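**Q** First, the structure itself, so that you have it in front of you.
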């Protein structure tokens, strides 16, 4: 299945150049050379829709946890994301990278219907999860969010004890098993148990920033999701706490599919297996530029704009 998806979606652009415009009779005319040069520089330009996203071959046969096809997002009349098609491999870490305003967090929130909570937001396209389109109105958004959990940029523990922070989601979802064991297991998987096991009645708000973020991860794990979304989970943390979160992401990928938004190129290179690079032009509509195994994206990008961003020429 993975090979077939990439066969369908992969651009025919040669590895030494940026993606070529479509040659179909309905494609828009290729942009003039000066526009292409500006696009490569990535500043103040319109990303021509005929410049197809580039995709590398998969380096492994792997099941897909999610498949996005032509996903677009609108806030009222403003379009934030345009027709992004992207696979999310199961039990791997996929990083979404790109400059601020390119639609990374917007796209991430589509994956568990969080955009439904924003007045005027509208999502079009197809997000396949277990052969169903997640954005179909007949799909229960609450159940989607239980199975696809989210960890936000800023730690947001509840004003409750450590124990109750972890148990809360499971309890409201009707969990009837051994709650003590569930809480311990979630804290262990979040690499926090040894630090808090003797003070579970302590307020979650009394923990350090890094501990609070791991508590939020434990809270997400406790409802037994299949996928965990992380929106810059270490951006507000010091280097030591950041390293713990990164180590935790690698450990969690043994049991969960992880999708993480990050502005930190070194972090994306360290923790992710696959990377998607998004970019927006002057009209501020985010589009996918390149997707593939992280090692390939960082060492042999197929699109000049990807190389320019990763090497810090703009961002």
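The values are calculated or read from the model by the stated rules, or taken from the named source; none is laboratory data. Bear in mind the structure is a predicted one, so any value in this text is a computation, not a measurement. Note: ideal-geometry Cβ built from the backbone for every residue, glycine included; neighbour counts use all protein chains shown.
Residues checked against (1) at pLDDT 95 or above; (2) under 19 Å from the mean Cα position of the chain (by Cα); (3) in a loop (DSSP other than H, G, I, E, B):
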{"site": "3", "(1), (2), (3)": "no, no, no"}
{"site": "60", "(1), (2), (3)": "no, no, yes"}
{"site": "73", "(1), (2), (3)": "yes, yes, no"}
{"site": "94", "(1), (2), (3)": "yes, yes, no"}
{"site": "107", "(1), (2), (3)": "yes, yes, no"}
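**Q** Quick check on region 112-121. Is at least one of its residues at pLDDT 95 or above and either out of contact with any strand residue (DSSP E or B) (no Cβ under 8 Å at 6 or more places or on another chain) or crowded, with 20+ Cβ neighbours inside 10 Å (or both)? Before the answer, list the steps.
**A** Step one: filter region 112-121 for residues at pLDDT 95 or above, giving none.
Looking through region 112-121, none of the residues is at pLDDT 95 or above and either out of contact with any strand residue (DSSP E or B) (no Cβ under 8 Å at 6 or more places or on another chain) or crowded, with 20+ Cβ neighbours inside 10 Å (or both).
**Q** Given the conditions (1) part of a loop (DSSP other than H, G, I, E, B); (2) over 22 Å from residue 142 (Cα atoms); (3) at pLDDT below 95, report the number of the one that residue 201 does not fulfil.
**A** (3)
**Q** How many residues are in a loop (DSSP other than H, G, I, E, B) and within 13 Å of residue 212 (Cα to Cα) if we restrict to region 153-176? First the steps, then the outcome.
**A** So in region 153-176, the residues in a loop (DSSP other than H, G, I, E, B) come out as 153-160, 173-176.
Among the residues that remain, those that are also within 13 Å of residue 212 (Cα to Cα) are: 153-160.
Residues that pass the stated criteria total 8.
**Q** If I filter region 36-54 for residues that are touching a strand residue (DSSP E or B) at 6+ places or on another chain (Cβ under 6 Å), at pLDDT 90 or above and within 27 Å of residue 270 (Cα to Cα), do I get at least one hit?
**A** No.
**Q** Here's something else I'd like to know. Out of all the residues in region 281-301, which are at negative phi and surrounded by fewer than 24 Cβ atoms within 10 Å (Cβ to Cβ)?
**A** Passing the criteria: 281, 282, 283, 285, 287, 293, 294, 295, 296, 298, 299, 300.
**Q** A further question on this structure: For residue 97, only one of the following conditions fails: (1) in contact with a helix residue (DSSP H, G or I) (Cβ under 6 Å, 6 or more places away or on another chain); (2) more than 25 Å from residue 273 (Cβ to Cβ); (3) in contact (Cβ under 8 Å) with a residue 40 or more places away in the chain. What is its number?
**A** That leaves (2) as the condition not met.
**Q** Now a separate question. Assess whether residue 127 counts as being at pLDDT 95 or above, surrounded by 22 or more Cβ atoms within 10 Å (Cβ to Cβ) and within 15 Å of the chain's Cα centre (by Cα). Reasoning before the result, please.
**A** Numbers: at pLDDT 95 or above: yes; surrounded by 22 or more Cβ atoms within 10 Å (Cβ to Cβ): yes; within 15 Å of the chain's Cα centre (by Cα): yes.
Considered against the rule, which asks whether it is at pLDDT 95 or above, surrounded by 22 or more Cβ atoms within 10 Å (Cβ to Cβ) and within 15 Å of the chain's Cα centre (by Cα), residue 127 comes out as yes.
**Q** Residue 80 is checked against (1) more than 12 Å from the chain's Cα centre (by Cα); (2) under 23 Å from residue 272 (Cα atoms) and fails just one. What number does that condition carry?
**A** The number of the failed condition is (2).
**Q** Can you pull out every residue in region 235-263 that is touching a strand residue (DSSP E or B) at 6+ places or on another chain (Cβ under 9 Å) and either more than 16 Å from residue 88 (Cβ to Cβ) or surrounded by fewer than 19 Cβ atoms within 10 Å (Cβ to Cβ) (or both)?
**A** Step one: filter region 235-263 for residues touching a strand residue (DSSP E or B) at 6+ places or on another chain (Cβ under 9 Å), giving 245, 249-250, 252-253, 256-263.
Passing the criteria: 245, 250, 263.
**Q** Applying the selection to region 130-143, what residues are in a helix (DSSP H, G or I) and exposed (fewer than 14 other Cβ atoms within 10 Å of the Cβ)? Explain how you work it out, then say what you get.
**A** Here is the first cut: in region 130-143, the ones in a helix (DSSP H, G or I) are 141-143.
Answer for region 130-143, where residues must be in a helix (DSSP H, G or I) and exposed (fewer than 14 other Cβ atoms within 10 Å of the Cβ): 142, 143.
**Q** How about region 177-187: which of its residues are part of a loop (DSSP other than H, G, I, E, B) and closer than 20 Å to residue 199 by Cα?
**A** The first filter runs over region 177-187 and keeps only residues part of a loop (DSSP other than H, G, I, E, B), leaving 177-178.
Selection gives 178 alone.
**Q** Do we find that residue 203 is out of contact with any helix residue (DSSP H, G or I) (no Cβ under 7 Å at 6 or more places or on another chain) and in contact (Cβ under 8 Å) with a residue 24 or more places away in the chain in this structure?
**A** Numbers: out of contact with any helix residue (DSSP H, G or I) (no Cβ under 7 Å at 6 or more places or on another chain): yes; in contact (Cβ under 8 Å) with a residue 24 or more places away in the chain: yes.
Yes: the conditions hold for residue 203.
**Q** OK, next. Checking residue 255 against (1) over 17 Å from residue 107 (Cα atoms); (2) at pLDDT below 90: exactly one of these is not met. Which one?
**A** (2)
**Q** Does residue 146 satisfy the criteria of being under 18 Å from residue 112 (Cα atoms), surrounded by fewer than 20 Cβ atoms within 10 Å (Cβ to Cβ), touching a strand residue (DSSP E or B) at 6+ places or on another chain (Cβ under 6 Å) and in contact (Cβ under 8 Å) with a residue 40 or more places away in the chain? Can you show your working first?
**A** Details: under 18 Å from residue 112 (Cα atoms): yes; surrounded by fewer than 20 Cβ atoms within 10 Å (Cβ to Cβ): yes; touching a strand residue (DSSP E or B) at 6+ places or on another chain (Cβ under 6 Å): no; in contact (Cβ under 8 Å) with a residue 40 or more places away in the chain: yes.
When the stated conditions are applied, residue 146 does not pass them.
**Q** Among the residues of region 184-206, are any loosely packed, with under 15 Cβ neighbours inside 10 Å, under 19 Å from residue 231 (Cα atoms) and out of contact with any strand residue (DSSP E or B) (no Cβ under 8 Å at 6 or more places or on another chain)?
**A** No, the conditions are met nowhere in region 184-206.
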